[in-house]
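Read through the structure below, which is laid out as structure tokens, and then see the notes.
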Amino acid sequence: MKSYEALRREGITGLAAPARIGGQGGDLLTQCIAIEELSRVCATTGLTLMTCWSFADSLIAFGRDEHLAAAEEVARGSALGSWCYTEPQGGSDLSGARTRASRHGSQWRLDGTKRFITNAGWSDWYLVLARTEGDSFGVFLVNRHDKGITFGKPESKMGMRGSPTCDVYLEECLIPEWRALGDPAKGLEIASASLVESRCHVAVQALGIAQGALDEAVSYTKERNQFGRPIANFQLVRGMIADLTVKVESSRALLYQAAGMVHMDRERARAFSSMAKLLCSDTAMAVTTDAVQLHGGYGYMEGSPVERMMRDAKITQIYEGTNQVQRLIIAKHMLGGSSRA
Ligand SMILES: Cc1cc2nc3c(=O)[nH]c(=O)nc-3n(C[C@H](O)[C@H](O)[C@H](O)COP(=O)(O)OP(=O)(O)OC[C@H]3O[C@@H](n4cnc5c(N)ncnc54)[C@H](O)[C@@H]3O)c2cc1C
């Protein structure tokens, strides 16, 4: 939270929001540059920020004035937000969600459990995907002080340890009617639109981790001596550094293409954000693993930056849709048929 306060002080929390709600109107590419620079040194700070931005983006795209007030709080940095899709029985198949939203007089009543929610407990606002009628879903805005919302204990994780991940429990949670975001029968469309941008955020977070690990590998190999000379002089080491650099730069090129497409070619943006997420997260895993290798035994020690980066990198292949799910989306773009994702 201390690092988030620094972002608030610097005015970075409002970078992604339009000027009409007090933000700086940064487009997706600008957001990506900010998240990359943060994740290069601290991926969990990047995660806290991009989770808030993804929450606020959906309110800005689909919300009315009442909803925009919550987005404005996030832009100011006075509130945090979370997006709640995943449930205990599954995260890949969003249409299998069991959390239910039913009408209760002039209110909505929510019942269900959301799993692995980033910023849960810290966030003031939660966007919840819930089944309304039959196969329809809505998205609902819930405040941490609403009656009927509680939080599980923070999960103990392999990486991203500076970011809380908790269950969100909704039990007879009553919220006013206006808290339904957009059409309560079109929740999957809202979720799907949000994922196009948030997958670019995950991609650039992964890219930042990869760049940070590459930076560490370059400086360590120049400083560390073996056989009477810096290990950076050995051809096998130089070849590894060259390969890692190509991986990082080619991932960045695809990501920038995807980020531009989100504004210019919405049709193809979904597949390109999946491609960027897939490539950048695989790059992050490969680069951090090799960065540990180049640090020798010191890289394997707890507290070494590259050890943390390798643990942080893994989740980028899993969340916001696993890389298998991204392949289904890309294949559907190329071949047609159903991705069911
Ligand atoms: C640290 C962390 C933070 C998270 N933050 C959030 C958050 O803020 N909000 C949120 O809603 N969720 C969040 N999640 C949840 C995350 O998005 C899910 O874990 C992810 O989507 C996978 O869902 P699952 O864990 O249920 O795995 P499953 O869906 O059970 O998948 C298990 C395995 O089966 C594979 N698989 C599933 N379906 C197919 C298929 N059709 N074809 C091929 N392979 C398939 C998957 O790729 C995976 O390898 C977070 C998770 C973690 C660990």
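Read-outs throughout are calculated quantities, based only on the coordinates presented, and are distinct from any laboratory measurement. Since the model is a prediction, treat every value here as computed from it, not as a measurement. In this analysis, Cβ positions are derived from the backbone assuming ideal geometry, glycine residues included, and neighbour counts consider all displayed protein chains.
Lys and Arg at +1, Asp and Glu at -1: add these up for the other residues within a Cβ distance under 11 Å of residue 233 and post the number.
With Lys, Arg at +1 and Asp, Glu at -1, the net is +4.
In a GNM of the chain with a 10 Å cut-off on Cα contacts, which of 106, 192, 123 has the highest mean-square fluctuation?
Between 106, 192, 123, it is 106 that shows the largest mean-square fluctuation.
How big is the equivalent ellipsoid of region 2-79 along its three axes, where each semi-axis is √(5λ) from the Cα gyration tensor, reported in whole Å from largest to smallest?
20, 12, 11
Please give the net charge around residue 68, taking every other residue with its beta carbon less than 14 angstrom from that of residue 68, where Lys and Arg add +1 and Asp and Glu add -1.
Residues close to residue 68 contribute a combined charge of -1.
With a Förster radius of 45 Å, plug the Cβ-Cβ distance of residue 335 and residue 246 into 1/(1 + (r/R0)^6) and report the FRET value to the nearest 0.05.
The value I calculate is 0.95.
Treating the angle as unsigned and between 0 and 90°, give the value, to the nearest 10°, between the Cα long axis of helix 187-223 and the longest Cα principal axis of the chain.
20 degrees
Once Lys and Arg get +1 and Asp and Glu get -1 on their Cβ, which of 39, 213, 335 lies farthest toward the positive end of the dipole of the chain?
After comparing all options, I get 213.
Can you list the GluC sites (Glu not before Pro) in region 246-341 that are in a DSSP coil and have 14 or fewer other beta carbons within 10 angstrom?
302
Treating only the Cβ atoms of Lys and Arg (+1) and Asp and Glu (-1) as charged, compute the dipole magnitude of the chain about its Cα centre; round to the nearest 20 debye.
Roughly 460 debye, rounded to the nearest 20.
For region 211-241, which chymotrypsin sites (Phe, Trp or Tyr not before Pro) are both in a DSSP coil and crowded by at most 10 other Cβ atoms within 10 Å?
Answer in residue order: 227.
Taking 0.36 nm per residue of separation and subtracting the Cα-Cα distance, what length does fully extending residue 323 through residue 100 add?
Values: separation 223, 0.36 × 223 = 80.28 nm, distance 2.79 nm.
Here the answer is 77.5 nm.
Tell me which of 145, 120, 187 sits at the most positive position along the dipole axis of the chain, charges placed on C-beta atoms (Lys, Arg +1; Asp, Glu -1).
120
Only four residue types carry charge here, +1 at the Cβ of Lys and Arg and -1 at the Cβ of Asp and Glu. Report the dipole size of region 137-253 about the Cα centre in Debye, rounded to the nearest 20.
620 debye
In percent, how large is the relative contact order of region 149-283, given Cα pairs closer than 8 Å and 6 or more residues apart?
Reported relative contact order: 26 percent.
What's the center-to-center distance, using Cα atoms, between region 178-232 and region 283-316 in Å?
14 Å
Modelled label-to-label distance, residue 111 and residue 19, 7 Å Cα→beta-carbon offset: nm?
4.9 nm
Multiply the residue gap between residue 289 and residue 10 by 0.36 nm, knock off their C-alpha separation, and tell me the result in nm, one decimal place.
Values: separation 279, 0.36 × 279 = 100.44 nm, distance 3.30 nm.
Length difference between fully extended and current span is 97.1 nm.
Using only the Cα atoms of the chain, what do you get for the radius of gyration and for Dmax, in Å?
Computed over the Cα atoms of the chain, radius of gyration and Dmax are 20.7, 79 Å.
Would you work out the charge dipole size for region 203-296 about its Cα centre, treating the Cβ of every Lys and Arg as +1 and the Cβ of every Asp and Glu as -1, and quote it to the nearest 20 debye? Before the final figure, lay out each step's value.
Numbers: 10 positive and 9 negative charges, 11 e Å.
Dipole magnitude for region 203-296 comes out near 60 debye.
Modelled label-to-label distance, residue 234 and residue 92, 7 Å Cα→beta-carbon offset: nm?
Each label point lies 7 Å from its Cα, and together they span 4.0 nm.
How far apart, in nm, are two points set 7 Å out from the Cα along the Cα-to-Cβ line at residue 177 and at residue 226?
That separation, rounded to one decimal, is 7.1 nm.
Net charge near residue 16, counting Lys/Arg +1 and Asp/Glu -1 over other residues with Cβ under 13 Å of its Cβ?
-3
Take every Cα pair under 8 Å in the chain that's 6+ residues apart, average their separations, divide by the length, and report that relative contact order as a whole percent.
Worked out over the chain, it gives 16 percent.
Taking one equal scatterer on every alpha-carbon of region 236-339, how large is log10 of I(q)/I(0) by Debye at q = 0.19 1/Å?
Each listed q corresponds, in turn, to -0.95.
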